[in-house]
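Reviewing the structure listed below.
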Amino acid sequence: MQIFTIWPQGFASNTYLVTADGVHAIAIDAAQPRITQEAEARGLQIEYVLLTHGHFDHIGGCAAAQRMGAKIGCPARDRELALHNNLGPEMAGEEVEPFAVDFCYGDGDTFQLCGLEVRVLATPGHTGGSCCFLVTEGNETVLFAGDTLFRDDVGRTDLPTGDFFALKKSLSLLAKLKNCTVYPGHGMPTTLDEEKENGILPQ
């Protein structure tokens, strides 16, 4: 498994390009339109975009990826948030180019995409539909945490559909997973064990 991080320019989330064969890729959170050029520069074709939730800073590149043939997946509970009720104009003065959601998913759904196994974990709290992805190739498993868990921090819960108590339950769920590298929606990678030691996740 190869993971390429596309760091945001301006106010946006991290985008991750994940590939098993060095050609076909999954994008986790298509944050900005330039991800299509970033993928092309690495010799990758984005086949699927998987959104961890529907906030505007995670979806700005969906339309561009869709024009290049990518299928867009979104948590079922955040579909309306992603398509119709976003915060871009009021928070950052940015409009999101419209796109279509091709498929939705929920807790426990598992997909085989581009030679990778993707398991969906519902982790509500940051939004009502927030989720994480456990992605596995062979013996390697990593967690893409969206805005549920960061290095030394957690996602905010004061935006529409956010819920602090739901987030606490979601963090307890993540704490039960086997230790692995965590790729968050913002900031640098961490591990589950590090976040237990930091007191962000319960022991």
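Relative contact order of the stretch 45-160, taken over Cα pairs closer than 8 Å and 6 or more residues apart, is 22 percent.
Is there a quick way to get the dipole size of the chain? I mean about its Cα centre, with the Cβ of Lys and Arg at +1 and of Asp and Glu at -1; what is the value in debye to the nearest 20? Could the numbers behind the result be given before it?
Working: 14 positive and 27 negative charges, 60 e Å.
About 280 debye.
The aspartates and glutamates whose alpha-carbon is closer than 20 Å to the alpha-carbon of residue 71, local same-chain residues fewer than 8 away aside, are 21, 29, 38, 40, 47, 57, 80, 97, 102, 107, 109, 117. Rounded to the nearest 0.05, what FRET efficiency is calculated for residue 110 and residue 45 with R0 set to 22 Å and r the Cβ-Cβ distance? After rounding, the FRET efficiency stands at 0.45. Inter-label distance, residue 164 to residue 9: 3.8 nm, where each label sits 7 Å from its Cα along the C-beta direction.
To make sure I understand, if each residue's beta carbon is the centre and we count other beta carbons within 10 Å, what order do 168, 178 fall in, fewest to most? Provide the component values of the computation, followed by the final result.
Working: 168 14, 178 9.
In increasing order of surrounding Cβ atoms, one gets 178, 168.
Using 0.36 nm per residue and subtracting the Cα-Cα separation, the extra length available between residue 198 and residue 67 on full extension is 43.0 nm.
The relative contact order of the chain, computed from alpha carbon pairs under 8 Å that lie at least 6 residues apart in sequence, is 15 percent. In this rough spin-label picture, where each label sits 7 Å from Cα along the Cβ direction, the residue 2-residue 172 distance is 4.2 nm. For the stretch 18-132, the square roots of the Cα gyration tensor eigenvalues, ordered a ≥ b ≥ c, give a/c of at least 1.5 with a/b no greater than b/c, which places it in the oblate category.
Each peptide in 53-65, 105-117, 141-153, 16-28 was scored by the mean count of other Cβ atoms within 10 Å over its residues; highest first, the order is 53-65, 141-153, 16-28, 105-117. Under 20 Å of direct C-alpha separation, and excluding same-chain neighbours fewer than eight residues apart, residue 196 reaches these aspartates and glutamates: 147, 152, 153. If I stretch the segment between residue 180 and residue 152 completely, what's the gain in nm (0.36 nm per residue apart, minus their alpha carbon distance), one decimal? Between residue 180 and residue 152, full extension yields 8.5 nm more.
Each value in this text was obtained by applying a stated rule to the coordinates, not by laboratory testing. What you see is a predicted model, and the numbers here were worked out from it, not measured in a lab. Don't worry about glycine lacking a Cβ; one is built from the backbone with ideal geometry, like all the others, and counts go over all protein chains shown.
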